[in-house]
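Worksheet for the structure shown next.
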Amino acid sequence: MKIIAIALKNLWRSFRSFFALAFMFGVPILMTVMFSFLFGGIGGDDSEFTIPVTHVMLVNQDRGTDLQIGFEMDKNTYSSMGLMLLEILQRDTYTEIMTLETAIETKARKMVDEQQAGLAVIIPEDFSSALLGQSNRTTQIEFYKDPELSLGPQIVQSIVMSVVDGFSSGSLTMSSVTSALQEKGVDLNYEEQMALIQDLSEEMENDPLNSGQNLNVIPPLAEQDAKNQSDSLQTILRSIMSGMMIFYAFFTGTAAAQSILQEDEKGTLPRLFISPTTTTTILNGKFLAGFTMIIVQVVVLLVFANLVFGIYWGATFPLLLASIGLVALANSFGIFIMSLVKGTKQAGIIYGAVLTFTGMLGISSVFVMGTPIEKAFNYLPLLVPQGWAMNAFTATWKGDWPQILIHTAGMMLLAILFFFLGNMRFKKRFN
Amino acid sequence: MNALAIRVQNLDKSFDEVHAVDDVSFEIHQGEIFSLLGPNGAGKTTTIGMISGLLRPDAGQAWLMGHSILENPKKAKAILGIVPQEIALYDDISARANLNFWGKMYGLRGQALSERVAAVLKIIGLEDRQNSTVSKFSGGMQRRLNVGVALLHEPHVIIMDEPTVGIDPQSRRKILDSVKQLSHQGVTILYTTHYMEEAQELSDRIAIMDNGKIIAIGTHQELINIVGELDRITLTINNETTKVIKAWKALDGVMKITPEDGTIHLLVKDSNQVLPHLFEAANQSNVRITSVDIQEPNLEAVFLHLTGRALRD
Ligand SMILES: Nc1ncnc2c1ncn2[C@@H]1O[C@H](COP(=O)(O)OP(=O)(O)OP(=O)(O)O)[C@@H](O)[C@H]1O
Ligand SMILES: [Mg+2]
């Protein structure tokens, strides 16, 4: 098959080129390591994780009990458990973790919706009575969260739950905080746990108010498994690695398509056209080469990141879908872009402007992670093909099936569209 | 008609302003070496582009061994080997890898392919360097490989577009010899050049091309006969005046005179007889002749005769 001969020749040339290899594999990996240092501060033993301070809206609707009894704590009496919870959360102990504001329910929800608060804790009317009745109590407090912020609100939520636990069990322990967090799917890494414990226990020791409180901070077991330790670094690495992989996969697709123009200028393409080989065969051979190159690139980067950085990409089948989508889209986007270009002299503009801009926008969610503008970057990147790929990979490791399917389908549709347009333009040009 | 290897009929092609090929027709018989001789921009490459199916003619047709390049391109292309004017090779892979790839593009496989690659490497004299990367080759070696690619599938017809431009004498010799050898094997060759010596040495017939038109066509002798038995004299003078040109023009035996910035080309019946009179007239006009060059009739003279310009400037 001539198509395969053409594709193989292209691949052979590319994989002999230091430049091509560097851009396919070296640069994405280096960039990942570099950005991880920047954002995550990996590698430093003295790295300090600061637990984000969360603004918490507390809505206390607790009416106390029908019995009109008081609740006593540290020689003070409170008319409801809700007030007592408020008092505890207001202590200096938690100032580095949360800032507390009381409000009515509608305002509290609004603040969260507007991202001015990370969490609303809504204490129901029958909180006290339910507690006394010992029934199903923790589920009665509603936690209304900003879905985009995870760490801060999760910690606060766990603390609240532990405090409530403590109302009955008489002890509040660090381990109950961490296990509550783990149940919620947030694994604090070692540094974060230590920072939290230190904050809590220091406050406790220095604060005479707390002396009589039976808050018992127990450090977590030292042999917390390695996976837990590196979990947030994992998230950072995974985001950056997938971002870089997508960014440079599109470069590979464009470079592969650019070789059509290069061959045209070098005279080898006209020479192919005067051989008994059809234009379709020649172009398809070139397209196949690009496709194969991106497959190799994506597979190598996925496997490398898994083996060396220990990145878990998600379940196999969704990962396969996202990867196929990425390969198809990066390849056909390259074909499309290059079909618009007159000659390789303009290619610099393509790399410098178009690919870099669309690439950065597409993977921008990586860079705004944990910032207030994060939410806007849920949809904005979908303006460019790279954004679809990024969302597909994010959905893959989150195991979010609807998102996986939507974004894979989107990628395939875009890929077909770009391929159709690019192929048509190239055929017209060379016929 | 089947005896014709190449038949070109009323080919025409324009690029924007330029009428690159203007109603060109010719026929090349099987086994012939046919040269297209013309200066830069004459339209040689454009003509070849249309014959080989790379360019679509605005008008006209071309046939290779009876197959129309427009209607039956695959068959026509399969019997054609082309040596493009610009070196068209993958210079980041080896000579052998190039030949293997191009062989496949002409449908060669396996045993047949490796036999042909070996044979071609021998013809172009690159056996020892076959595994070197092409970019490390000298210009001449690259040209030889550029020719070699066209020979792989043993085409019936080979078109070579100025295959010897800018190379060392040895490589040039090698290419010219291989052209003759191919011709001995019965291959038909269309050879373009702006070196009249090459056209003269190789060709059975020659077409002279200028400004997109074929202005003369025939054997070397037939073309020479156009200028008759005229000798060609080229003079340089220190001071070009209309007076001396007029005086020379009036001389007996001067058939044609073309002044060109202090260089004067003359076609004369017998240089021995005319030359003394030229000096005499120069003296009378106070003009010094600083060099004299006498040539027996050749293609250069034919071109000059037909166009009033030198083949090479
Ligand atoms: N693709 C093109 N676009 C515009 N003009 C062209 C193109 N190709 C050739 N021409 C013009 O057509 C004319 C004939 O060019 P062509 O290359 O056929 O000449 P040539 O005889 O091969 O010259 P040379 O000896 O320099 O190779 C020239 O004036 C050239 O500028
Ligand atoms: Mg030319």
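The values are calculated or read from the model by the stated rules, or taken from the named source; none is laboratory data. The structure displayed is predicted, hence computed values, not measured ones. Neighbour counts run over all protein chains shown; Cβ positions are idealised from the backbone, glycine included. Side chains included, ligands, DNA and RNA excluded: accessible areas come from the protein's heavy atoms. Shrake-Rupley method; radii C 1.70, N 1.55, O 1.52, S 1.80 Å.
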- So which GluC sites (Glu not before Pro) in the range B:226-266 pass both tests, a DSSP loop state and at most 14 other Cβ atoms within 10 Å of the Cβ? B:GLU229
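Tell me which trypsin sites (Lys or Arg not before Pro) from the range A:266-342 have a DSSP coil assignment and no more than 15 other beta carbons within 10 Å of their own.
On the way: sites: A:LYS266, A:ARG271, A:LYS286, A:LYS342; in loops: A:LYS342.
Here the sparse-neighbourhood loop sites are A:LYS342.
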- Within the accessible area of the protein assembly as shown, what % is carbon and sulfur when the probe is 1.4 Å and the other protein chains stay in place? 55
- Note on the structure: Expressed in nanometres to one decimal, the distance between label points 7 Å along Cα→Cβ at A:TYR351 and A:ASN431 is 3.2
- Message: Along the Cα→Cβ direction, 7 angstrom out, place labels at B:ASN286 and B:ARG109. What is the inter-label distance in nm?
- Response: 8.4
- Message: Give me the net charge for the shell around B:ASP210: Cβ to Cβ below 12 angstrom, other residues only, Lys and Arg +1, Asp and Glu -1.
- Response: +2
- Query: Can you give the Kirkwood hydrodynamic radius of the protein assembly as shown from its Cα pairs, in Å with one decimal?
  - Reply: 32.9
- Round to the nearest 10 and give me the degree value, 0 to 90, for the angle of helix B:110-123's Cα axis relative to the longest principal axis of chain B. 30
- Query: Hey, with R₀ at 56 Å, roughly what FRET efficiency would B:ALA310 and A:MET1 work out to, going by the Cβ-Cβ distance, to 0.05?
  - Reply: 0.60
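Rank by packing, highest mean first: peptides B:91-98, B:22-29, B:43-50, with packing defined as the count of other Cβ atoms within 10 Å averaged across residues. Each step should come with its number before you reach the end.
On the way: B:91-98: 19.4, B:22-29: 17.8, B:43-50: 25.0.
The packing order, highest mean first, is B:43-50, B:91-98, B:22-29.
Which peptide among B:296-303, B:272-279, A:412-419 comes first, and what is the full order, when sorted by highest mean count of other Cβ atoms within 10 Å? Mind dumping the intermediate values first?
On the way: B:296-303: 21.4, B:272-279: 15.5, A:412-419: 17.9.
Per-residue mean Cβ counts within 10 Å order the peptides as B:296-303, A:412-419, B:272-279.
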- Estimated FRET transfer efficiency (A:TRP12, B:GLN30; beta-carbon r; R0 45 Å; 0.05): 0.70
- Query: Given labels modelled 7 Å from the Cα in the Cβ direction, how far is it in nm from B:ASP22 to B:LYS213?
  - Reply: 0.5
- Task: From other protein chains only, count the Cβ atoms within 10 Å of every residue's Cβ in B:149-158, then give the mean.
- Result: 1
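For chain B, give the share of DSSP beta bridges that are antiparallel, in percent and rounded to the nearest 5; count only bridges with both residues there. Write down the numbers at each step before the final one.
Values: 38 of 56 bridges.
Expressed as a percentage, antiparallel bridges in chain B total about 70.
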- Note on the structure: On complex formation of B with A, accessible surface lost, both sides summed, probe 1.4 Å, nearest 100 Å², amounts to 2100
- Task: Could you tell me the convex hull volume per residue, in Å³, taken over the Cα atoms of the range B:96-208?
- Result: 103
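Residues of the protein assembly as shown: accessible area per residue at 1.4 Å, in Å²? Intermediate values should be presented prior to the final figure.
On the way: 33450 Å² over 744 residues.
Per-residue value: 45 Å².
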- Task: Return the FRET efficiency for the residue pair B:LYS122, B:THR242: r is the Cβ-Cβ distance, R0 is 51 Å, and the value is rounded to the nearest 0.05.
- Result: 0.25
- Going by average Cβ neighbours within 10 Å, how do the peptides A:246-252, B:72-78, B:109-115 rank, with the highest at the top? A:246-252, B:72-78, B:109-115
- Query: Once fully extended, how much extra length lies between B:ASP293 and B:ASN225, figured as 0.36 nm per residue of separation less the alpha-carbon to alpha-carbon distance?
  - Reply: 22.4 nm
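When you look at the Cβ of every residue in A:259-268, what mean number of other chain Cβ atoms sits within 10 Å? Intermediate results must be reported in sequence, preceding the final value.
Values: counts 0, 0, 0, 0, 2, 0, 1, 6, 7, 11.
Mean shielding by partner chains, rounded to a whole number: 3.
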- Task: Give, as ranges by residue number, the residues of the range B:206-229 whose backbone N falls under 16 Å from the point 7 Å along Cα→Cβ of B:ASP12.
- Result: B:212-214
- Task: Check the straight Cα-Cα distances from A:LYS427 and name the lysines below 25 Å, setting aside those fewer than 8 residues away within the same chain.
- Result: A:LYS2, A:LYS9, A:LYS266, A:LYS286, A:LYS342, A:LYS345, B:LYS13, B:LYS74, B:LYS75, B:LYS77, B:LYS104
- Message: Taking the 0 to 90 degree range and rounding to the nearest ten, how far is the long axis of helix B:139-151 tilted relative to the main principal axis of chain B, both from C-alpha atoms?
- Response: 60
